[in-house]
Amino acid sequence: MKILLKGGRVVDPSRNFSKVADVLIENGKIKKIAADINEKARTFKVGGLVVCPGLIDIHVHLREPGREDEETIATGTRAAAKGGFTTVCAMPNTNPAVDSVSGVKYILMTAAESGIVRVLPYGAITKGRRGEELTEIGKMKKAGIVGISDDGTSVMNARVMRRAMEYSKMFDIPVVSHCEDLNLSAGGVMNEGRTSTILGLRGIPPQAEEVMVARDIALAELTGARLHLAHITTKRSVALVREAKKRKIKVTAEATPHHLFFTDKFVEEYNTNAKVNPPLRSEEDRVALMEGLRDGTIDCVASDHAPHLDTEKNKEFDFAPFGVIGLETALPVVITALVKKKKLSLMDVISKMSTRPAEIIGGHDLGKLVIGGVADITVIDLNKKKKITSDFFVSKSANSPFIGKNLSGFAVLTIFGGKVVFRDL
Ligand code: DOR
């Protein structure tokens, strides 16, 4: 089976490559990248479009096992393919949590049976994500995890976190930290500040995140482990990461599209799709995140795709769950908010949504377009415009804060391992 992509702009941040060229795919691999390839193959004319390495989202919640009413590996990977993602890293805050070899095997087996893109699981740091007893990290790594995380909650005990980092270093995987001091954030539903005061909603101070960012950087320095900070949101967190990187501590960080796009003012509408953890912050914080992305302090964009049902979200703000879906809108949000506004180049965006995420998880040789490499490819139409509506989504849930927004720059063809998994051209 051969596929030929004709006349697109091939962009590969791994070698700073950007040229109009044809790409030939054969047997799931990239066979040739050159001008004017003439070959009998299933041909797509992609003139005027961008051809890049398949996007990689290292922070998604697929909800299987346990909440298959919200999302499954089958539906979540279809949402991923539509969003241009060929690899997603699944968080272990399922029910039960993925905290054992059998849990990891279940994810990989289900993904092989029903997924349409690559699913790489994380294992929990602690059993049941209770923050007390470490999981069998080495055995889970052997079974296929790409990192460990108790995402959704913090490991409050610094001694436990230290040990987790020591083990993760031995197995050369990152510790992905959800930075939240649970005592400081307790009872909060939005960012603590002027807006929470006016609305009379309990706030979560930026310091709830920052004290844990500082702690985990200190522990990464102590242990030499690879620390990846999930969804950072504040100006001070960005500054802490910037300083840690200067001191050559092995820390990487991600920002989400919703924290780059919205501020806590959005909560004024009492739309529960403005309720996320960590919360939407101030304009000053949002600007600092953009600057962090621009100067390389923030390595990647990850969606934190967190499906919840309408019946759960359609509640008073205090009672709705935290989280929004993001796989299908991450790319257009970043293109609309950053590329079109000249805050970030297209090369940078592809780096932050493919090449860098691949480097952070490591070991899989993804995030680049090279001869002989796996044919995970995304074709993007930078000028395709859409108004997002609730029936736009193939995800099982539709809890998106971007409903009603006009976005531009969508994936129009997603190829996973040489197979077309999404097509809109
Ligand atoms: O908003 C969030 N939702 N933040 C998290 O950390 C967890 C996630 C979820 O699983 O719903």
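The values are calculated or read from the model by the stated rules, or taken from the named source; none is laboratory data. In this text, all values refer to a predicted model and were calculated from it rather than measured experimentally. Methodologically, a virtual Cβ is constructed for each residue, glycine included, from the backbone with ideal geometry; neighbour enumeration extends over all protein chains shown. Surface accessibility is based on the protein's heavy atoms, side chains included, excluding ligands, DNA and RNA. Shrake-Rupley method; radii C 1.70, N 1.55, O 1.52, S 1.80 Å.
Looking for whichever is of a type in the set (V, I, T) and part of a strand (DSSP E or B) here; the options are T311, T378, T297, T355. Which one fits? Working first, answer last.
Details: T311 fails: part of a strand (DSSP E or B); T297 fails: part of a strand (DSSP E or B); T355 fails: part of a strand (DSSP E or B).
Of the residues listed, the single one that is of a type in the set (V, I, T) and part of a strand (DSSP E or B) is T378.
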Q) Restricting to the stretch 1-38, what's the tally of residues that are within 27 Å of the chain's Cα centre (by Cα), among the aliphatic types (A, V, I, L, M) and not in a strand (DSSP E or B)? A) 0
(Q) Are there strands (runs of 3 or more DSSP E) fully within the stretch 39-78 with at least 2 residues that are touching a Phe, Trp or Tyr at 6+ places or on another chain (Cβ under 8 Å)? List them. (A) 55-60
**Q.** Scan of the stretch 13-43 for residues that are among the basic types (K, R) and surrounded by fewer than 19 Cβ atoms within 10 Å (Cβ to Cβ), ordered by number
**A.** R15, K19, K29, K32, K40, R42
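Residues of the stretch 275-284 being within 11 Å of the ligand (Cβ to nearest atom) and out of contact with any Asp or Glu (no Cβ under 6 Å at 6 or more places or on another chain), which ones? Can you show your working first?
If we filter the stretch 275-284 for residues that are within 11 Å of the ligand (Cβ to nearest atom), which is where we start, we get 275-280.
Result: K275, V276, N277, P279.
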Q. Regarding A214, is this residue part of a helix (DSSP H, G or I) and open to solvent by 10 Å² or more (accessible area, probe 1.4 Å)?
A. yes
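Determine which member of the set L338, L425, L327, L369 is at pLDDT below 95 and either touching a Phe, Trp or Tyr at 6+ places or on another chain (Cβ under 8 Å) or crowded, with 23+ Cβ neighbours inside 10 Å (or both). Working first, answer last.
Details: L338 fails: at pLDDT below 95; L327 fails: at pLDDT below 95; L369 fails: at pLDDT below 95.
Selected residue: L425, the only one of L338, L425, L327, L369 that is at pLDDT below 95 and either touching a Phe, Trp or Tyr at 6+ places or on another chain (Cβ under 8 Å) or crowded, with 23+ Cβ neighbours inside 10 Å (or both).
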Q: Filter the stretch 151-182 for residues that are of a type in the set (S, T, N, Q) and within 16 Å of the ligand (Cβ to nearest atom) and give the result.
A: T153, S154, S177
Q: Could you tell me which residue of the stretch 297-345 is farthest from the ligand (Cβ to nearest atom), considering only residues that are in contact (Cβ under 8 Å) with a residue 40 or more places away in the chain and among the small types (G, A, S)?
A: A337
